[in-house]
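**Student:** I'd like to ask some things about the structure below.
The values are calculated or read from the model by the stated rules, or taken from the named source; none is laboratory data. This one's a predicted model, so the numbers in the text were calculated from it and none came from an experiment. Cβ placement follows ideal geometry from the backbone for every residue including glycine, while neighbour counts extend to all protein chains displayed.
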Amino acid sequence: MIISDDNNKNIKNKGASNDAPKCKSQDLEAKEVDFDKTYEKNIRPKTFEEYIGQSALKDTLKITIEASKKRNVPLDHLLFYGPPGLGKTTLAGVIANEIGVNIKITSAPSLERPRDIIGILMSLKGGEILFIDEIHRLNKVAEEILYPAMEDFFIDLTTGKSQSVKTMRVPVPKFTLIGATTKAGALSGPLRDRFGIIHRLEFYTIDELAQVIKRSAKILNIKIDDEGAKEIASRSRATPRIANRLIKRSADYALVKFDGKIITKQIAKEALDSLCIDNLGLDTTDRALLELIINNYDGGPVGVETLSVALGEDVRTIEDVYEPFLLQKGLIARTNRGRRATKLAYKHLGIRYTEQNGQMGLFD
Ligand code: ADE
């Protein structure tokens with residue numbers, strides 16, 4: 001594989017360890033490609049019991065929900081943050097279902113004009129949940145409208161123009177806001193302070209993901225054995241959304257190549273190899289990113305903007321989608337001068353690490 005960066009240096013893949021050749025970049029964030037919407041809906045857990053993982057958060061939520069029921073007040077506003085695909089929206093749906101209220105789902109980029117947020121706040125009924133995805137992208141005006149709504153359940157509406165402008169204080173029903181973000185640090189202080197619970201969603205363990213996979217497979221009528229589920233789990237970047245996508249892809253592979261038999265470890269392995277997903281769950285872009293740091297920048301540090309240009313991925317995708325898992329796996333480290341590949345990254349790619357130049361040479 002040859003990639004050109006902005007300096008027109010060629011970057012050679014020095015023998016990525018365990019993947020098939022000619023692996024093209026795939027869109028990790030192609031959230032629901034090929035996923036039949038009704039199936040997608042059916043596999044979403046609806047209760048805490050069905051929802052696997054995030055046990056510390058679930059425990060906190062169960063107590064908060066029970067307390068709010070006992071006090072007969074709406075649930076405190078909640079902020080969930082963490083990498084995409086870990087189940088922030090799903091959990092908001094579970095909470096609504098457990099409380100027995102309706103949930104309205106929107107995302108900050110679609111609340112562009114003041115009337116968008118005002119309209120949605122005025123349409124809520126008492127106790128309902130408003131879910132705002134990507135809440136760090138809320139504009140200043142929408143934020144200002146939201147503050148009194150969150151705190152005291154009213155909004156200030158202005159009518160008229162210039163000298164004759166009038167402000168009217170209008171009550172809104174008592175609601176619970178659930179905000180979700182991949183970037184808690186990008187939220188303004190005043191907005192963050194108005195959430196009663198702020199919680200990070202954690203990456204899933206292989207065991208948890210194997211449970212998610214077996215549950216989804218059952219609903220989708222896909223046969224899979226324990227080892228097959230574990231193989232998919234270990235290549236799913238610790239992320240249920242990806243696990244659910246890979247079951248479908250493995251089922252397709254099993255159907256075409258093996259007459260639809262049960263997904264075994266071997267079938268899962270072949271299917272995922274064919275998708276260029278390696279034994280750690282890295283795809284072509286992950287490996288290209290590591291190779292770029294190692295081969296072109298002596299292991300780093302290198303700025304994310306440079307990586308973005310060289311890979312042709314936008315900075316946000318690198319920061320939100322690729323980096324969190326590479327950091328979690330200890331394959332890259334963040335320094336204040338940029339990203340650095342760790343020794344583990346060299347080892348994974350089969351590139352020898354030397355202290356003098358950070359790299360050089362292949363493993364024998
Ligand atoms: N599907 C996606 N996320 C899930 C989870 N946390 N538990 C069960 N099924 C899921």
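**Student:** Please find, within the stretch 194-218, the residue that is nearest to residue 327 (Cα to Cα) out of those that are assigned to a loop (DSSP other than H, G, I, E, B) and out of contact with any Asp or Glu (no Cβ under 7 Å at 6 or more places or on another chain). Steps first, please.
**Tutor:** Narrowing the stretch 194-218 to residues assigned to a loop (DSSP other than H, G, I, E, B): 194-196, 201-205.
Going one step further and asking which of them are out of contact with any Asp or Glu (no Cβ under 7 Å at 6 or more places or on another chain), we end up with 195, 201-205.
On the way: 195: 27, 201: 15, 202: 13, 203: 12, 204: 15, 205: 15 Å.
Only one residue tops the list, namely 203.
**Student:** Determine whether the stretch 177-189 contains at least one residue that is touching a Phe, Trp or Tyr at 6+ places or on another chain (Cβ under 8 Å) and assigned to a helix (DSSP H, G or I).
**Tutor:** Yes.
**Student:** Which pairs have Cβ atoms under 9 Å, sit 6 or more apart or on different chains, and link a residue in the stretch 151-171 that is exposed (fewer than 10 other Cβ atoms within 10 Å of the Cβ) to one that is of a type in the set (A, V, I, L, M, F, W, C) and part of a loop (DSSP other than H, G, I, E, B)?
**Tutor:** Listed by first residue and then by second, the contacts come to 159/165.
**Student:** Hey, another quick one. Does the stretch 49-71 contain any residue that is surrounded by 19 or more Cβ atoms within 10 Å (Cβ to Cβ), more than 24 Å from residue 246 (Cα to Cα) and at pLDDT 95 or above?
**Tutor:** yes
**Student:** Report the residue count in the stretch 173-190 for those that are surrounded by fewer than 19 Cβ atoms within 10 Å (Cβ to Cβ) and either farther than 21 Å from residue 90 by Cα or within 16 Å of the ligand (Cβ to nearest atom) (or both).
**Tutor:** First, the residues of the stretch 173-190 that are surrounded by fewer than 19 Cβ atoms within 10 Å (Cβ to Cβ): 173-174, 183-186, 188-190.
Next, from what is left, pick out any that are either farther than 21 Å from residue 90 by Cα or within 16 Å of the ligand (Cβ to nearest atom) (or both): 173-174, 185-186, 188-190.
Number satisfying all stated conditions: 7.
**Student:** Another question, if that's okay. Enumerate the helices (runs of 4 or more DSSP H) found wholly within the stretch 219-318, keeping only those where 2 or more residues are in contact with a strand residue (DSSP E or B) (Cβ under 7 Å, 6 or more places away or on another chain) and over 21 Å from residue 329 (Cα atoms).
**Tutor:** Those helices (runs of 4 or more DSSP H) span 240-258.
**Student:** Checking the structure you have, find out if any residue of the stretch 248-269 is surrounded by 17 or more Cβ atoms within 10 Å (Cβ to Cβ) and within 15 Å of the ligand (Cβ to nearest atom).
**Tutor:** Yes, the conditions are met somewhere in the stretch 248-269.
**Student:** Then there is this: What residue, among those in the stretch 58-101 that are closer than 17 Å to residue 209 by Cα and within 12 Å of the ligand (Cβ to nearest atom), is farthest from the chain's Cα centre (by Cα)?
**Tutor:** Going through the qualifying residues, I end up with 58.
**Student:** Determine the pairs where a residue that is surrounded by 24 or more Cβ atoms within 10 Å (Cβ to Cβ), located within the stretch 218-235, has a partner that is of a type in the set (Ser, Thr, Tyr) and not in a helix (DSSP H, G or I) with Cβ atoms under 7 Å apart, the partner being 6 or more residues away or on another chain.
**Tutor:** Pairs that qualify, where the first residue is surrounded by 24 or more Cβ atoms within 10 Å (Cβ to Cβ) and the partner is of a type in the set (Ser, Thr, Tyr) and not in a helix (DSSP H, G or I), are 228/264.
**Student:** Somewhere in the stretch 135-144, is a residue loosely packed, with under 15 Cβ neighbours inside 10 Å and either in contact with a helix residue (DSSP H, G or I) (Cβ under 7 Å, 6 or more places away or on another chain) or closer than 25 Å to residue 96 by Cα (or both)?
**Tutor:** Taking every residue of the stretch 135-144 in turn, at least one turns out to be loosely packed, with under 15 Cβ neighbours inside 10 Å and either in contact with a helix residue (DSSP H, G or I) (Cβ under 7 Å, 6 or more places away or on another chain) or closer than 25 Å to residue 96 by Cα (or both).
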